[in-house]
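Reading through the structure tokens given below for one structure.
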Amino acid sequence: MPKLKTRKAAAKRFRRSGSGKIMRRKAFRNHLLQHKTSTRKRRLAQPALVHERDAENVELMLPYL
């Protein structure tokens, strides 16, 4: 059986949590931060779960995650 290749772009964006779920980072935290409140920026800094419907596709992109 041949080895499967990992999609490197996906490998840089997703991690697996302790319970086995796939985590992602939130959007809107790259630039234009001066007008966003501290609370909002703090909330955006937290990792988020990938939706279960999308998680299936991520699993295919990351066979060894």
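With respect to (1) assigned to a loop (DSSP other than H, G, I, E, B); (2) modelled with pLDDT of 95 or more; (3) not charged (D, E, K, R), the lone exception for Pro2 is condition (2).
Inside region 19-41, residues that are farther than 12 Å from Leu65 by Cα and either in contact (Cβ under 8 Å) with a residue 60 or more places away in the chain or surrounded by fewer than 10 Cβ atoms within 10 Å (Cβ to Cβ) (or both) make up a count of 10.
The values are calculated or read from the model by the stated rules, or taken from the named source; none is laboratory data. Note that the structure is predicted; figures quoted are calculated from it, not measured. Quick reminder, even Gly has a Cβ in these numbers, built from the backbone with ideal geometry, and neighbours come from all protein chains shown.
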